[in-house]
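I have placed the structure first, in the form of structure tokens, so that the comments after it can refer back to it.
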Amino acid sequence: MGKCKPGDTVRIKGMRFAVLGNKGTWAFVLLSNPTGYVKYGKDCDYNESGLRQEADDFVHSHFEWESENAFVAYRDICDGARTIQVFAAPLTFNEYQKYAPYVPKCGKANWLATKLNERQALCLDGNNKVVTMDREDSLGVRLAMWVSEKLIGRVE
């Protein structure tokens with residue numbers, strides 16, 4: 001086990017994350033607060049969604065490659081229709097169920113990366129209750145990702 005454990009709050013590049021799980025020296029972390037507020041988008045297709053764009057922009061602006069080692073690892077998510085490989089994304093419904101005891105409440109509604117149909121997707125309300133929202137609603141994006149513990153600056 002590495003330097004952090006599920007339930008810890010850590011700082012990475014000045015941002016607060018909750019540790020949800022770990023494997024060796026890699027930690028599965030979730031942003032404590034949303035990065036931005038976006039609509040899920042057309043047909044609740046994650047690849048074409050505002051969520052994907054927000055996640056990609058976040059990773060590219062905060063987590064760059066150093067030497068030949070990547071400090072953010074790919075993860076597979078299932079958005080309710082297909083499996084997609086990403087660096088960062090909101091939790092899926094299945095991930096939320098698995099890690100719920102470690103997901104801190106942020107007081108703001110935020111998307112999960114799981115759609116129900118072409119019009120509705122799942123999200124967490126501010127108290128971490130799973131609810132359904134229309135794809136045209138603007139909600140927060142709390143990203144989860146696997147990071148090398150080399151990036152973790154401080155365990156709170």
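The values are calculated or read from the model by the stated rules, or taken from the named source; none is laboratory data. Keep in mind it's a predicted model, so treat the numbers as computed, not measured. Cβ coordinates were reconstructed from backbone atoms using ideal geometry, including for glycine residues, and neighbour counts include every protein chain displayed. These area figures cover heavy atoms from the full protein model, side chains too; ligands, DNA and RNA do not enter into them. Shrake-Rupley method; radii C 1.70, N 1.55, O 1.52, S 1.80 Å.
Structural remarks
- Going through (1) surrounded by fewer than 19 Cβ atoms within 10 Å (Cβ to Cβ); (2) touching a strand residue (DSSP E or B) at 6+ places or on another chain (Cβ under 6 Å); (3) at pLDDT 90 or above one by one, GLY126 falls short only on (2).
- Taken over the range 101-118, the criterion of being part of a loop (DSSP other than H, G, I, E, B), within 16 Å of GLU48 (Cβ to Cβ) and open to solvent by less than 80 Å² (accessible area, probe 1.4 Å) is satisfied by ASN117 alone.
- Among residues of the range 32-49, those that are open to solvent by 10 Å² or more (accessible area, probe 1.4 Å) and either closer than 26 Å to VAL147 by Cα or hydroxyl-bearing (Ser, Thr, Tyr) (or both), counted: 10
- Filtered by the rule that a residue be part of a strand (DSSP E or B) and surrounded by 15 or more Cβ atoms within 10 Å (Cβ to Cβ), the range 78-93 gives CYS78, ILE84, VAL86, ALA88, ALA89, PRO90.
- The one condition in (1) in a strand (DSSP E or B); (2) of a type outside the set (S, T, N, Q); (3) touching a residue at least 12 places away in the same chain (Cβ under 8 Å); (4) out of contact with any helix residue (DSSP H, G or I) (no Cβ under 9 Å at 6 or more places or on another chain) that VAL59 fails to fulfil: (1)
- A Cβ distance below 7 Å, combined with a sequence gap of six or more or placement on separate chains, defines the contacts here; from the range 119-142, residues that are outside any loop (DSSP other than H, G, I, E, B) reach residues that are small (Gly, Ala, Ser) in the pairs CYS123/ALA109; LEU124/ALA109; MET133/ALA121; LEU139/ALA109; GLY140/ALA109.
- Residue within the range 39-54 that is touching a residue at least 60 places away in the same chain (Cβ under 8 Å) and in a strand (DSSP E or B) present: yes
- Reported count of residues in the range 71-103, each being under 16 Å from LEU31 (Cα atoms) and touching a Cys at 6+ places or on another chain (Cβ under 8 Å), is 1.
- Note on the range 58-70: among residues that are at pLDDT below 80 and on the phi < 0 side of the Ramachandran plot, the one that is surrounded by the most Cβ atoms within 10 Å (Cβ to Cβ) is PHE63.
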